[in-house]
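Let me begin by presenting the structure, written as structure tokens, before commenting on it.
The values are calculated or read from the model by the stated rules, or taken from the named source; none is laboratory data. Since the model is a prediction, treat every value here as computed from it, not as a measurement. Cβ sites come from the backbone with ideal geometry, for glycine too, and all protein chains shown count toward neighbours. Ligands, DNA and RNA are excluded from the accessible area calculation, which covers all protein heavy atoms including side chains. Shrake-Rupley method; radii C 1.70, N 1.55, O 1.52, S 1.80 Å.
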Amino acid sequence: MIIDSVTIHRVALPLVRPFRTSFGIEYDKDVLLLEVTSDVGVGWGECVAAPAPLYSHEFNNAALLALHDHLIPRVLDRDIDAEDVPRLLGPVRGHPMARGALELAILDAQLRASGRSFASYLGADRSAIPCGVSVGIPADDSLETLVADVDGYVAEGYRRIKLKIEPGWDLEPTRVIRERYPEMPLQVDANQAYSRADIEHLVALDAFDLLLIEQPIHEEDYLGHKLLAERMATPMCLDESILSVDNADSLIDYGACEVINIKAGRVGGYLAARDIHDLAVSRGIPVWCGGMVETGIGRAANVALAALPGFTLPGDTSSSTRFFATDITEPLLMDADGMMAVPTGPGPGVTPLPELLDELTIARYVTTASGSTTSFARSGA
Ligand code: NPG
């Protein structure tokens, strides 16, 4: 296919409630949606970078520049297949979320042109997946609020609860939820908030029969994770530390990684995500699909990925309603049994609803072979 233009739509979506983690609070979803036009049709991708570099070094303004100045020019006006994209973008160091967004848009265009679903393309073997939910730290730091939040998600049908933890908000909230729900699959995520000095403290989480502990220590501290993995019975899951197939392989060998949270954006796209899945299967490592508060575009793609056979643990593949009163696409909804149907339409299977996209777009950056234009749809962008 020949890529004629790439439009970056910068969109602001209100969240139904603030989402607080150890690295900060999000009140709105500020997101870059990519629209590729080609000789075979249109495709959409979503960049999972956040407004600020708090989860990782990537952030929206940087992704915008990386896409505009370095990534889009490498695919524009050339005859390519989606499978060529990782190689074409390969010389650019870093910016995996920006790269992944462009790759997804091109994959979507290719798959839609051939009428094939993303799930079938990736090798999914299920038509529905079990859903987990990630429960933020309550804005008022109260256990009562946490319990009310968790009760609500359990009543909706979620099959696994993930609690966000940080120093000062760890053992007690986990104990309270475990006692209230003795059978519920439960896990915790620290987003790197601890250090090697906290190993003895974190070992106390073993009392709560957790599925896993996710990324407790800084992403570059491999020894810290290995030492903790040796001390804890709870399986060590890595998120931010896993950036490629080769580093996943190394961390498994090293003894720092027993489970992987796969996020396509963090590893540069769904093709790399599938490769990490394949590696994990061959190494006997369970994987699950992470979430980055995606709109329907990224959420639908995640649901397709999560339907691959190695995704043996429920992912952060919650309903659109977990974060958005109105999603930018038709909403992806979990049923009362905590299952979500894997979209069967061509590509990831959803597209932005035009009127909503218009209403929520802050700015548009259009790049073609002959140049680029920027337009601001609302003031304050
Ligand atoms: O369900 O989409 C979701 C959110 C799941 O907790 C979640 N994501 O650290 O994994 C994480 C966290 C996150 C959110 C990370 C936003 C980065 C940005």
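Summary table
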| item | result |
| --- | --- |
| Heavy-atom accessible surface of the chain: percent carbon and sulfur, 1.4 Å | 53 |
| Stokes-Einstein D (µm²/s) once Rh is taken as the Kirkwood radius of the range 145-216 over alpha-carbon pairs, at 20 °C in 1.002 mPa s | 171 |
| Long-range amide H partners of residue 351 with built H, under 5 Å | 330 |
| Where Rh is the Kirkwood radius over Cα pairs, Rg/Rh for the range 63-201 | 1.13 |
| Rel. contact order, % - alpha carbon contacts under 8 angstrom, at least six apart, the range 113-208 | 26 |
| For the chain, accessible area per residue (1.4 Å probe, heavy atoms of protein chains only), Å² | 38 |
| Heavy atoms of residue 125: accessible area, 1.4 Å probe, square angstrom to 10 | 100 |
| Per residue convex hull volume, Cα atoms of the range 112-153, in Å³ | 119 |
| Two-site FRET efficiency, residue 362 against residue 145, from Cβ-Cβ distance with R₀ of 35 Å, rounded to 0.05 | 0.65 |
| Residues whose placed amide H lies under 5 Å from that of residue 117, excluding near-sequence neighbours | 347 |
| Local net charge near residue 243, Cβ-Cβ under 13 Å (Lys/Arg +1, Asp/Glu -1) | -4 |
| Cleavage-rule hits (trypsin sites (Lys or Arg not before Pro)) in the range 153-253: DSSP loop, at most 15 neighbouring Cβ within 10 angstrom | none |
| Residue-wise HN-Hα coupling along the range 104-119, computed from phi with Karplus coefficients 6.51, -1.76, 1.60 (Hz; x: Gly, Pro) | 5, 4, 6, 4, 4, 4, 5, 5, 5, 5, 9, x, 9, 7, 5, 4 |
| Equivalent ellipsoid dimensions for the range 237-348 as semi-axes, Å, which come from the Cα gyration tensor, largest first | 26, 13, 12 |
| Total charge dipole magnitude, the range 1-143, about the Cα centre, Cβ charges on Lys, Arg, Asp, Glu only, Debye to nearest 20 | 220 |
| Straight-distance crosslink candidates among lysines, where the alpha carbon sits under 21 Å from residue 29 and sequence neighbours closer than 8 are dropped | 162, 164, 263 |
| Longest segment of the chain lacking GluC sites (Glu not before Pro) that sit in a DSSP loop with at most 13 other Cβ atoms within 10 Å | 1-182 |
| Cα-Cα separations in the range 17-139 greater than 17 Å, expressed as whole percent | 63 |
| Per-residue ³J(HN,Hα) for the range 185-197, Karplus 6.51 cos²θ - 1.76 cosθ + 1.60, θ = phi - 60°, Hz, x for Gly and Pro | x, 9, 9, 10, 9, 9, 6, 6, 7, 10, 9, 4, 5 |
| For the range 153-194, convex hull volume per residue from C-alpha positions, Å³ | 67 |
| Kirkwood hydrodynamic radius of the chain, from inverse mean 1/r over distinct Cα pairs, in Å | 20.9 |
| For the range 62-77, 3J(HN,Hα) per residue [Karplus equation, 6.51 cos²θ - 1.76 cosθ + 1.60, θ = phi - 60°, Hz, x = Gly/Pro] | 6, 4, 4, 5, 4, 5, 5, 8, 10, 8, 4, x, 6, 10, 5, 6 |
| When the convex hull of its Cα atoms is projected in every direction, mean area for the range 121-269 (nm²) | 9.9 |
| Accessible-area value, residue 344, 1.4 Å probe, nucleic acids and ligands omitted, Å² | 120 |
